[in-house]
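Visitor: After the structure tokens below, expect a handful of questions from me.
Any read-out appearing in this document is the output of simple, stated calculations on the displayed coordinates, not a laboratory observation. Just so it is clear, the model here is predicted, and its values are computed rather than measured. All Cβ positions, even for glycine, are placed from backbone atoms using ideal geometry, and neighbour counts span all protein chains on display.
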Amino acid sequence: MRIKTSIALAAAAMLSCATVAAAAGMSHSSSGSAMMAGQASDTLNLTNTQRKTAWNDLKPGATKQTMPHGYTATVGAAVPTSFKLEPIPSKTAQAIPSLRPYDFAMTGGKLLIVNPSDKKIAEVITK
């Protein structure tokens, strides 16, 4: 009887460890896929090809907005609260996956890629 109890306890302990390990693996892969999908940050480094694609895809549909007097659109600067930000369209996000978590705005001949969480410009694209 003691041997059966010991075996049952050992099996339960191994099953418990396997369950914990599997859960940890799922948690790890979930955060890994979040990393793969990307999270917006305050800087973004696009290649010249990606910049051209973004310009060509986003400029035609962007709402042209007037840059406030004295405002300079630079990486790291927050966009004015009056700016209407638009989400990156799925077509552009498919072509440039790193843009997926961002918003954008167009002002003064500049395409601004903006971190939606803090409204800071991550990339400025000009023609």
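Visitor: Would you kindly derive the ³J(HN,Hα) couplings of segment 55-65 from the backbone phi angles with the Karplus curve 6.51 cos²θ - 1.76 cosθ + 1.60 (θ = phi - 60°), listing them in order in whole Hz, with x for Gly and Pro?
Guide: The phi angles translate into 4, 5, 7, 8, 4, x, x, 6, 6, 6, 10 Hz.
Visitor: A follow-up question, please. Kindly flag which residue pairs out of K52/K91; K91/K120; K52/K84; K52/K127; K52/K119 have an alpha-carbon separation exceeding 18 Å in this structure.
Guide: As for pairs spanning more than 18 Å Cα to Cα, those are K91/K120; K52/K84; K52/K119.
Visitor: Oh, and also: Which aspartates and glutamates, if any, have their Cα less than 18 Å from the Cα of K110, not counting same-chain residues under 8 positions apart?
Guide: D42, D57, E86, E123
Visitor: If you don't mind, another one. Provide the net charge surrounding G76, with neighbours chosen by a C-beta distance below 14 Å and charges set as Lys +1, Arg +1, Asp -1, Glu -1.
Guide: Result for the local shell: -1.
Visitor: All other residues with a Cβ under 13 Å from the Cβ of N56 taken together, and with Lys, Arg as +1 and Asp, Glu as -1, what is their net charge?
Guide: +4
Visitor: Pull out a ≥ b ≥ c, the square roots of the eigenvalues of the alpha-carbon gyration tensor of segment 39-125, then state rounded if a/c is under 1.5, prolate if not and a/b is larger than b/c, and oblate in the remaining case.
Guide: It is prolate, given that a/c is not under 1.5 and a/b is the larger ratio.
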